[in-house]
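Below: one structure, written as structure tokens.
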Amino acid sequence: MAITLKDVAERAGVSTSAVSRTFTPGASVSEKTRAKVVEAAAALGYSLNALASSLTTGRTKLIGLVSNNFHNPIFLEVFDLFTRGLQDRGLRPLLVNLSDEREPDDSLVLLRQYSVDGVIVASSTLPPSFSKAFRDAGIPVVHSFGRHASTPEVHVVGIDNIECGRMAARTLVARGYTRVAFMGGPETASSTQDRLRGFLEELAQHPDVGVTTSFASAYSFDAGRVQMTKLLMTEPAQAYFCGDDVLSIGALSAVQSAGLSCPDDIGIIGLNDMEMARWENIDLTTIHQPIARIIEASIELIVAMLAEPDRCPEARLFACRIIERGTLRPLP
């Protein structure tokens, strides 16, 4: 039989309401009574029923963690950091898989059913309107890895994808490539659009460098391999900014299967600096995204919003940097 509040009260020699107040943050209870209750609870092996507690406090401590790309291995790291970070703060993550969805209606209904205290949208592809739907429904929300805006309608934490596109272009130009290409993820993804925009803006300053663009069907290894296989059937570019590490690794696989080498025949630069990019057999030159810092800031904001739901939305932007490895020719 489960140990109940009544069992603890009888052992401690106090009322059940005194036990309830002891385990309710901010409730009034004397130190003497608290010590009796804690000692009795420990002796009986009692643990607080979180669901029952939520009925008293009106808080479930549930934070909806919404994402739409479970095919990308980078999200294993993202979910690990998010779940541990939330749990360290006494919050409970509720993971929602929105693969292939771009409208917030289903997740909004689901998260309302669970009475979540807040929502973190962890996606670089969903538009700002997705997160705004939660705000409009009165649910505190933070968009992690979202599209940057100087005056955001919800809290946004991430990177400047336009600048990342410029960084990739500058990196390719500096290595003397004269025919370069952008191979992005889905064309409708906000991250794809912004990375392409920065890439083209920077290359517009170098009219002697030819540029082409193409898009994979998803941010996944298979999509990157399929797209690069198609590109290799025509005259390929000298180097590609693939817009994401997992796309880059898929592209690298296609290059090797075609009997070509990287960087001798084709250069590749990715974005994210996921763990796999550092493996010796991959050794991907990429743009480092500070994922741990983005997640830490996102959790900090959602915790702050639980205390101050009307907090003015802010955008927190983190700088990226080039990680030199072996898939681009060296600087001259």
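Where a number appears in this text, it was derived from the coordinates with a stated rule and is not lab data. Keep in mind it's a predicted model, so treat the numbers as computed, not measured. We place every Cβ from the backbone using ideal geometry, glycine too, and count neighbours over all the protein chains shown.
Of note:
- Overall form of region 70-155 per C-alpha gyration tensor (a/c, 1.5; a/b vs b/c): rounded
- In this structure, the amide hydrogen of Thr327, modeled 1.01 Å from its nitrogen in the peptide plane, lies closer than 5 angstrom to those of Thr285, counting only residues at least 5 positions away or on a different chain.
- In order through region 314-330: 3J(HN,Hα) via Karplus (6.51 cos²θ - 1.76 cosθ + 1.60), integer Hz, x for Gly, Pro: 9, 10, 10, 10, 10, 6, 10, 8, 6, 10, 7, 9, x, 9, 10, 4, x
- Rounded tilt (10° steps) of 245-257 against the dominant C-alpha axis of the chain: 40
- Taking Lys and Arg as +1 and Asp and Glu as -1, the other residues whose beta-carbon sits under 14 Å from that of Pro290 total -2.
- Shape of region 220-287, Cα gyration tensor, a/c cut at 1.5: prolate
- Mean residue ellipticity at 222 nm, helices only, the chain: -13000 deg cm²/dmol; runs of at least 4 DSSP H residues each add -39,500 (n - 2.57), and the sum is divided by the number of residues.
- Interatomic Cα distance distribution for region 161-289, bins of 5 angstrom, percent: 2, 12, 25, 26, 22, 11, 2, 0
- Residues in region 84-94 carry Karplus couplings, in order, of 5, x, 5, 5, 4, 9, x, 9, 10, x, 10 Hz; the curve used is 6.51 cos²θ - 1.76 cosθ + 1.60 with θ = phi - 60°, and Gly or Pro positions show x.
- Cross-link reach list, aspartates and glutamates versus Lys230, counting only Cα pairs under 16 Å and skipping chain neighbours closer than eight places: Asp222
- In the chain, the longest principal axis of the Cα atoms and the axis of helix 31-44 are about 70 degrees apart.
- Seen from all directions on average, the chain presents a Cα convex hull projection of 20.6 nm².
- Packing-based ranking of 140-149, 33-42, 14-23 yields 140-149, 14-23, 33-42, ordered from highest to lowest mean Cβ neighbour count within 10 Å.
- Within a straight-line Cα-Cα reach of under 22 Å, Lys6 can be paired with the following lysines, leaving aside sequence neighbours fewer than 8 residues apart in one chain: Lys32, Lys36.
- Under-5 Å amide H pairs with Val157, H placed in peptide plane, nonlocal only: His143, Ser144, Phe145, Gly146, Arg316
- Listed peptides 257-263, 156-162, 111-117 by packing density, highest first (mean Cβ within 10 Å): 156-162, 111-117, 257-263
- Size of charge dipole - the chain - debye, nearest 20, with Cβ of Lys, Arg +1 and Asp, Glu -1, no other charges: 920
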